[in-house]
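Structure, as structure tokens:
The values are calculated or read from the model by the stated rules, or taken from the named source; none is laboratory data. Keep in mind that what you see is a predicted model, and the values were worked out from it rather than measured. Glycine also receives a Cβ, built like all others from the backbone with ideal geometry; neighbour counts cover every protein chain displayed.
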């Protein structure tokens with residue numbers, strides 16, 4: 001392992017053991033035959049696959065013919081669960097609330113498809129399934145029980161053998177996801193008495209992209225994939241000889257070393273826990289510590305946001321908040337929620353997991369760094385400054401970035417619906433239509449327009465962050481057709497860990513943009529916080545008769561967007577240090593650009609409705625422009641996108657806010673076939689300081705865009721409004737008038 005980095009994330013993935021790599025090496029270049037070929041090269045490849053199959057079987061106490069090679073644990077789970085249910089024509093499935101998404105999403109999909117009736121049993125405070133509750137859930141039509149062997153987040157080992165015994169009496173199949181167990185504890189399919197067991201290679205020092213499924217002799221499964229007859233007809237496709245050899249070698253090593261290694265890891269984990277408790281006495285430990293996986297420690301640091309802690313540690317210590325393959329959402333782990341852990345504690349929880357190459361020195365260094373950083377966050381006034389000259393990386397001090405940190409739209413809607421509406425005659429615009437700002441009638445046909453907007457850093461430069469935050473706040477005023485008058489700063493700042501020069505530069509950046517807008521910043525308000533936040537409260541003025549609203553579009557109106565999408569994706573990639581993709585400069589420039597010129601150009605073409613695109617993404621803010629009598633048609637390929645954003649989205653650099661937006665949009669978005677996943681992500685991407693979104697008479701739309709393009713604005717007609725009604729957004733694949 002690297003000397004400059006402490007890796008405490010073995011449950012996320014393991015490095016390939018050098019001995020495994022050595023076993024694979026001949027099959028990377030020399031033995032390249034197709035195992036289905038009859039010539040010598042094919043026979044050599046077939047022999048290697050069957051040797052690997054025997055090694056995997058021996059590791060879990062199975063027969064070689066009971067092992068099906070897959071691409072990993074997820075495919076193995078899909079084949080086991082879907083294959084078992086479909087082979088039996090459907091039926092009742094029982095699972096636990098602690099399962100990995102690779103199980104939960106499969107059973108939920110089967111339920112949604114009408115192929116299965118689903119029961120999800122709960123767990124106790126340790127994360128353990130009660131076999132008696134499973135037994136109570138069984139019924140005459142139960143065809144499958146699937147319960148993981150060991151939990152990936154808290155390490156609790158489940159009573160799978162006891163559950164299997166009661167199912168065996170009733171002729172019910174039992175599957176267990178053993179991805180986190182194999183290689184960490186002894187696993188024997190005969191002792192467990194299960195019918196199917198899933199293995200993931202990258203969890204036990206084999207390469208990523210290979211796994212296996214144990215299927216007891218005589219168990220019938222329907223194939224998930226269709227093709228040739230490989231792997232007993234259950235997994236078609238030419239065998240991945242190289243990685244299957246690696247999995248075989250890894251399983252052979254695991255079988256030989258598991259007991260000795262488990263004892264060593266238990267001692268290291270105890271040392272890690274003792275050090276953390278000594279340095280952070282209020283530490284809360286989750287799971288069944290004494291009877292769980294020997295390498296796993298799930299612990300909460302009360303008062304310390306886990307996302308923020310991990311962000312600050314990211315260059316020195318590797319760990320996870322929840323399961324690494326599905327992080328990104330600002331929600332408590334479903335595992336901790338099922339265990340009854342309160343939300344506040346869950347959001348302070350970090351998973352630390354040790355492995356074959358962990359050393360006592362690493363554990364001590366890792367614990368020291370974790371304690372130091374957790375103390376800084378929990379009690380910033382007592383912490384030393386984290387910056388001693390040099391450049392500051394602001395994004396390292398926050399768990400999320402920019403407008404992607406907005407509250408989830410569905411939650412906000414529920415809260416606002418519960419509050420009374422202001423009925424004062426002077427209140428022209430309030431929160432009831434989710435407009436960009438409020439408006440208050442002051443007489444003489446004029447209204448005051450006010451908005452408040454702030455967020456966490458989206459770039460590392462303090463000055464640039466201040467400038468982008470100011471541009472974003474001012475956008476709300478421009479989106480109402482108003483002229484800004486003045487602004488006030490609002491700042492939250494970790495004064496104990498960042499020097500005051502950073503705060504000053506943030507405010508100077510805001511002043512630069514305010515000057516471009518032609519307004520002063522007259523004061524503001526600051527508080528100490530664990531992470532920096534900055535924005536403006538802006539006051540503007542407009543003629544009431546010329547006030548723009550987000551509602552008012554008419555059927556047939558053209559839909560215009562004035563900035564390209566992709567800032568949320570770009571900011572996420574930049575924070576993660578993704579390299580080799582060009583376009584970050586264009587993204588930053590777009591965020592810093594005021595919407596003033598776009599608003600002035602639109603004003604010459606009498607828009608019927610206007611909003612700006614920020615944290616809820618293009619889809620979300622377009623939806624807010626609709627009502628029950630109006631729908632919209634969006635032309636996916638006509639929407640401008642920042643350079644590099646599509647490639648980054650395809651690479652998975654997607655913020656949690658974007659994922660939440662897409663989940664919210666499911667209810668009212670209709671996707672035409674041909675709109676690919678990357679384009680869908682971009683349309684839901686949580687934007688920071690995005691462009692204006694306007695409904696303009698179709699006869700004037702192109703002239704409006706030309707006027708903006710003449711000012712250097714990348715405006716485009718991206719759709720139209722229709723009278724279909726019900727507030728539906730139809731996304732068409734590259735089609736337009």
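Things worth noting here:
A quick yes/no check of all residues on (1) surrounded by fewer than 24 Cβ atoms within 10 Å (Cβ to Cβ); (2) in contact with a helix residue (DSSP H, G or I) (Cβ under 7 Å, 6 or more places away or on another chain); (3) in the same structural domain as residue 185 (by TED's automatic domain parsing):
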residue: 34; (1), (2), (3): yes, yes, yes
residue: 37; (1), (2), (3): yes, no, yes
residue: 41; (1), (2), (3): yes, no, yes
residue: 84; (1), (2), (3): no, no, yes
residue: 91; (1), (2), (3): yes, yes, yes
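- The lone criterion from (1) in a helix (DSSP H, G or I); (2) at pLDDT below 95 left unmet by residue 341 is number (1).
- Among the residues making up segment 177-192, those that are in contact with a helix residue (DSSP H, G or I) (Cβ under 7 Å, 6 or more places away or on another chain) and more than 18 Å from residue 110 (Cβ to Cβ) are 179, 180, 182, 183, 184, 185, 186, 187, 188, 189, 191, 192.
- Scanning segment 571-589 for residues that are touching a helix residue (DSSP H, G or I) at 6+ places or on another chain (Cβ under 8 Å) and either buried (at least 24 other Cβ atoms within 10 Å of the Cβ) or without any contact (Cβ under 8 Å) to a residue 12 or more places away in the chain (or both) turns up 571, 572, 573, 587.
- Candidate set: segment 210-237, residues that are touching a residue at least 40 places away in the same chain (Cβ under 8 Å) and not in a loop (DSSP other than H, G, I, E, B); chosen: the one surrounded by the most Cβ atoms within 10 Å (Cβ to Cβ): 212
- Odd one out for residue 158, checked against (1) crowded, with 20+ Cβ neighbours inside 10 Å; (2) over 24 Å from residue 264 (Cα atoms); (3) under 34 Å from the mean Cα position of the chain (by Cα): (2)
- Within segment 166-209, the set of residues being touching a strand residue (DSSP E or B) at 6+ places or on another chain (Cβ under 7 Å), in a loop (DSSP other than H, G, I, E, B) and under 17 Å from residue 79 (Cβ atoms) comprises 178, 179, 194, 195.
- Of all the numbered requirements in (1) crowded, with 16+ Cβ neighbours inside 10 Å; (2) assigned to a helix (DSSP H, G or I); (3) modelled with pLDDT of 90 or more, residue 657 misses one, and that requirement is (3).
- Residue check for residue 50: closer than 17 Å to residue 223 by Cβ, surrounded by fewer than 20 Cβ atoms within 10 Å (Cβ to Cβ), in contact with a helix residue (DSSP H, G or I) (Cβ under 9 Å, 6 or more places away or on another chain) and in the same structural domain as residue 227 (by TED's automatic domain parsing): no
- Within segment 287-322, tally of residues that are under 23 Å from the mean Cα position of the chain (by Cα), in contact (Cβ under 8 Å) with a residue 60 or more places away in the chain and closer than 19 Å to residue 100 by Cα: 6
- Single unsatisfied condition, residue 294 versus (1) part of a strand (DSSP E or B); (2) within 30 Å of residue 18 (Cβ to Cβ): (1)
- Filter result (surrounded by 17 or more Cβ atoms within 10 Å (Cβ to Cβ) and either in contact with a strand residue (DSSP E or B) (Cβ under 6 Å, 6 or more places away or on another chain) or in a loop (DSSP other than H, G, I, E, B) (or both)) within segment 553-570: 553, 557, 558, 559, 560, 561, 562, 563, 564, 565, 566
- Filter result (on the phi > 0 side of the Ramachandran plot and under 14 Å from the mean Cα position of the chain (by Cα)) within segment 644-700: 652
- Subset tally (residues that are at positive phi and touching a helix residue (DSSP H, G or I) at 6+ places or on another chain (Cβ under 9 Å)) for segment 193-251: 5
- Those residues of segment 123-138 which are outside any loop (DSSP other than H, G, I, E, B) and touching a residue at least 24 places away in the same chain (Cβ under 8 Å), in sequence order: 123, 129, 131, 134, 135, 137
- Selection count, segment 696-712, where residues are in a loop (DSSP other than H, G, I, E, B) and either at pLDDT below 95 or over 24 Å from residue 620 (Cα atoms) (or both): 3
- Those residues of segment 272-286 which are in a loop (DSSP other than H, G, I, E, B) and either farther than 24 Å from residue 98 by Cβ or in the same structural domain as residue 531 (by TED's automatic domain parsing) (or both), in sequence order: 280, 281, 282
- Selection within segment 345-357 - touching a residue at least 60 places away in the same chain (Cβ under 8 Å), surrounded by 15 or more Cβ atoms within 10 Å (Cβ to Cβ) and either out of contact with any helix residue (DSSP H, G or I) (no Cβ under 6 Å at 6 or more places or on another chain) or assigned to a helix (DSSP H, G or I) (or both): 345, 351, 352, 353, 355, 356
- Among the numbered conditions (1) in contact with a strand residue (DSSP E or B) (Cβ under 7 Å, 6 or more places away or on another chain); (2) closer than 30 Å to residue 663 by Cβ; (3) part of a loop (DSSP other than H, G, I, E, B), the only one that residue 614 does not meet is (1).
- For residue 269, the test of being part of a helix (DSSP H, G or I), in contact with a strand residue (DSSP E or B) (Cβ under 7 Å, 6 or more places away or on another chain) and surrounded by fewer than 15 Cβ atoms within 10 Å (Cβ to Cβ) is failed.
- Considered as a group, the residues in segment 719-734 that are assigned to a strand (DSSP E or B) and touching a helix residue (DSSP H, G or I) at 6+ places or on another chain (Cβ under 8 Å) include one that is surrounded by the most Cβ atoms within 10 Å (Cβ to Cβ), and that residue is 719.
- Complete set of residues in segment 526-547 that are part of a loop (DSSP other than H, G, I, E, B) and under 29 Å from the mean Cα position of the chain (by Cα): 529, 530, 531, 532
- Residues located in segment 106-154, provided they are on the phi > 0 side of the Ramachandran plot and touching a helix residue (DSSP H, G or I) at 6+ places or on another chain (Cβ under 9 Å): 127
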